[in-house]
Amino acid sequence: MRFYVNDNNSVINGAWTNWSNLQSKYPPLDIIETSDSYKVEVELPGFKLDDLKIKLDKHVLRIASSYENCKQEGRRYIIKERVCKEFERTLSIGSDVDEDKIKASLKNGILIIDMPKKEEIVPKQINIAVNG
C-alpha cells in the first residue's frame, strides 16, 4: 500500500521536498507497517484530545487541530520558543485498511492511529463431483 501525505495541498510521494520548511509547519509523523496493521504516530506535545479532530472519508484520513491554548490574551513573552499552531494533515490510505477498526489514542504527546489491515481473502477450493 502507498500512503500519500497531503500538507496544504502539496502531495508528497517519494519526491524530494524542503523537509525543514515542511517540518516547521506541520507536526512530524511516522507511518509504520507491521504484518497486520499500519500505525501513524504524530508528535503533538501539549495537545489534548479536545484539541484534535480525526476524520475518515473515502480512504482519506484527516488530522486537524484547533489549539485553543495558543489564543491566550494578556501575556507578555520574554522568550517564546514553543510552537503554538493549528494544522491539518491528510493521508490517503489504501483499500487494504479495515476502516471500521481504526482506533486513535493520545499518550505522552504522541497521537497514535492504529489502522488494522483487512483479513486476506483466501480463495476457496471447490471440488468437482464426477457423476456416473
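The values are calculated or read from the model by the stated rules, or taken from the named source; none is laboratory data. In this text the structure is predicted, and so the values were computed from the model without any measurement. Positions of Cβ are generated from backbone atoms using ideal geometry, with glycine treated the same way; all protein chains shown enter the neighbour counts.
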It is to be established whether one or more residues within the stretch 74-87 are within 18 Å of Asp36 (Cα to Cα) and over 14 Å from the mean Cα position of the chain (by Cα). no
Can you report the number of residues in the stretch 102-129 which are under 30 Å from Pro27 (Cα atoms) and not hydrophobic (A, V, I, L, M, F, W, C)? 9
Kindly provide the set of residues from the stretch 113-125 that are assigned to a loop (DSSP other than H, G, I, E, B) and not acidic (Asp, Glu), ordered by number. Lys118, Ile121, Val122, Pro123, Lys124, Gln125
Can you tell me which condition Lys55 does not meet? The list is (1) under 16 Å from the mean Cα position of the chain (by Cα); (2) exposed (fewer than 11 other Cβ atoms within 10 Å of the Cβ); (3) not in a strand (DSSP E or B), and all the others hold. (3)
Which of the residues spanning the stretch 18-52 are polar (S, T, N, Q), assigned to a loop (DSSP other than H, G, I, E, B) and either at pLDDT 85 or above or surrounded by 11 or more Cβ atoms within 10 Å (Cβ to Cβ) (or both)? Thr34, Ser35
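Let's see how each residue does on (1) loosely packed, with under 14 Cβ neighbours inside 10 Å; (2) charged (D, E, K, R); (3) part of a helix (DSSP H, G or I); (4) modelled with pLDDT of 80 or more:
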position	(1), (2), (3), (4)
Gly74	yes, no, no, yes
Ile78	yes, no, no, yes
Arg82	yes, yes, no, no
Lys85	yes, yes, no, no
Leu91	no, no, no, yes
Ser95	yes, no, no, yes
Leu106	no, no, no, yes
Leu111	no, no, no, yes
